[in-house]
1. Can you find a residue in segment 39-55 that is of a type in the set (A, V, I, L, M, F, W, C), away from ligand 2 (no atom under 16 Å from the Cβ), more than 30 Å from PHE266 (Cα to Cα) and surrounded by 15 or more Cβ atoms within 10 Å (Cβ to Cβ)?
2. For segment 12-31, does any single residue satisfy the condition of being in contact with a Cys (Cβ under 8 Å, 6 or more places away or on another chain) and surrounded by 14 or more Cβ atoms within 10 Å (Cβ to Cβ)?
3. Take the conditions over 20 Å from the mean Cα position of the chain (by Cα) and under 19 Å from THR16 (Cα atoms) and apply them to VAL197. Does it pass?
4. Pull up segment 215-251, narrow it to residues that are touching a Ser or Thr at 6+ places or on another chain (Cβ under 7 Å) and not in a helix (DSSP H, G or I), then point me to the one that is surrounded by the most Cβ atoms within 10 Å (Cβ to Cβ).
5. State which residue pairs qualify: first residue over 14 Å from MET154 (Cβ atoms) and modelled with pLDDT of 95 or more and inside segment 105-128, second residue buried (at least 24 other Cβ atoms within 10 Å of the Cβ) and of a type in the set (S, T, N, Q) in any location, beta carbons under 7 Å apart, and separation of 6 or more residues or different chains.
6. When only residues in segment 108-150 that are more than 16 Å from ligand 2 (Cβ to nearest atom) and assigned to a strand (DSSP E or B) count, which is nearest to GLY12 (Cα to Cα)?
7. Any idea which residue in segment 26-68 is modelled with the highest pLDDT, counting only those that are more than 17 Å from ALA94 (Cβ to Cβ) and among the β-branched types (Val, Ile, Thr)?
8. Which strands (runs of 3 or more DSSP E) sit wholly inside segment 1-107 and have at least 1 residues that are within 16 Å of ligand 1 (Cβ to nearest atom) and among the charged types (D, E, K, R)?
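The values are calculated or read from the model by the stated rules, or taken from the named source; none is laboratory data. Computed from a prediction, not measured in an experiment: that's the story for all the values here. Don't worry about glycine lacking a Cβ; one is built from the backbone with ideal geometry, like all the others, and counts go over all protein chains shown.
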Amino acid sequence: MRIVAFSNQKGGVAKTTSSYAMAVGLARRDYKVLVIDADPQENLSMTAGIDLNDVDPDPEDIDKLTPEQRRYFLENVPAKLFEVMKGEKDINKAIIPIADNLDLIVGGIDLASADMTFTGIKREQLIKKAFKKLKKDYDFCIIDCSPALGVVLMNILTVADEVIIPLEPGAYSLQGLSRLYGFIDDIHDYTNDKLKVNGILVTKVRNTANSKIWINDIQEKAELLGTKVYKSRIRLNVSVEEAQTMNMDIFQYSGSSAAARDYDDFIDEFLEEDE
Ligand SMILES: Nc1ncnc2c1ncn2[C@@H]1O[C@H](COP(=O)(O)OP(=O)(O)OP(=O)(O)O)[C@@H](O)[C@H]1O
Ligand SMILES: [Mg+2]
């Protein structure tokens, strides 16, 4: 299983959009894919059509249930990554099938407090330990990271093979990138020497002269960092938000849209790089 994390501490750069498009695109190419929504915002799960009231309800709502309802609920609701990290639940109980070849694990809103919860020694090994118990075989695991550089990201990068960094061209797009690289370098040195940055994916691209200037900047910075920038770029395209509004993936919503074609090209490029 090849584990790919989409990470950037900058918000709104299309981490969620890209990780979901990649997971769906790979599943449509007949690969077996597990996608993990490791962001307490749970945007990916929502886009995937998960009803979070059922899967990750407010604890106050659970308190309102009768004891029988509560027992039924606790036995049937899928586990969240947070509970798996805590060692309370089995990772195999967290898997939710969402489409042909595609399963999802929801991180859980509690991931927002992970830095306060996981403070012990080897706290970066919790997801890796859980993955060893995974019964089902997957070709790819795609992980959507939150913008935070904390214990959840430490866990993800400790188990991941590679990182893809989505970047939106703009005045502040490179801000924070050096810190992210520092974080990745530390994980590489201390907990996961196979980890590498696979590449930078330029997203939300406008066809303007200004955008071209920023893309050049990204390319120069990538060269300095020894990282490639994917040739495929994802154009800014209204179909992305429309698809999310409809809880559909971009290929299902409009396979001929600019974004669907760009994500298809990107996935082809990603798959070709090892050939
Ligand atoms: N190619 C695109 N064209 C138009 N809008 C896009 C595109 N990609 C992403 N968006 C929009 O940009 C916003 C941010 O995207 P997304 O949620 O994927 O970013 P993110 O990096 O996951 O954000 P966060 O840091 O909050 O997790 C969303 O409203 C999404 O619909
Ligand atoms: Mg996101």
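1. Initial filter on segment 39-55 (of a type in the set (A, V, I, L, M, F, W, C)): 44, 46, 48, 50, 52, 55.
Cutting the leftovers down to away from ligand 2 (no atom under 16 Å from the Cβ) gives us 55.
Filter once more, keeping what is more than 30 Å from PHE266 (Cα to Cα): 55.
Checking which are surrounded by 15 or more Cβ atoms within 10 Å (Cβ to Cβ) leaves us with 55.
Yes.
2. Residues of segment 12-31 that are in contact with a Cys (Cβ under 8 Å, 6 or more places away or on another chain), as a first pass: 15.
Checking which are surrounded by 14 or more Cβ atoms within 10 Å (Cβ to Cβ) leaves us with 15.
Yes, segment 12-31 has at least one match.
3. On the way: over 20 Å from the mean Cα position of the chain (by Cα): no; under 19 Å from THR16 (Cα atoms): yes.
When the stated conditions are applied, VAL197 does not pass them.
4. Applying the filter and picking the extreme gives ILE234.
5. VAL106/SER45
6. CYS141
7. THR47
8. Details: elements: 2-6, 33-38, 96-99, 102-106.
So the answer is 33-38.
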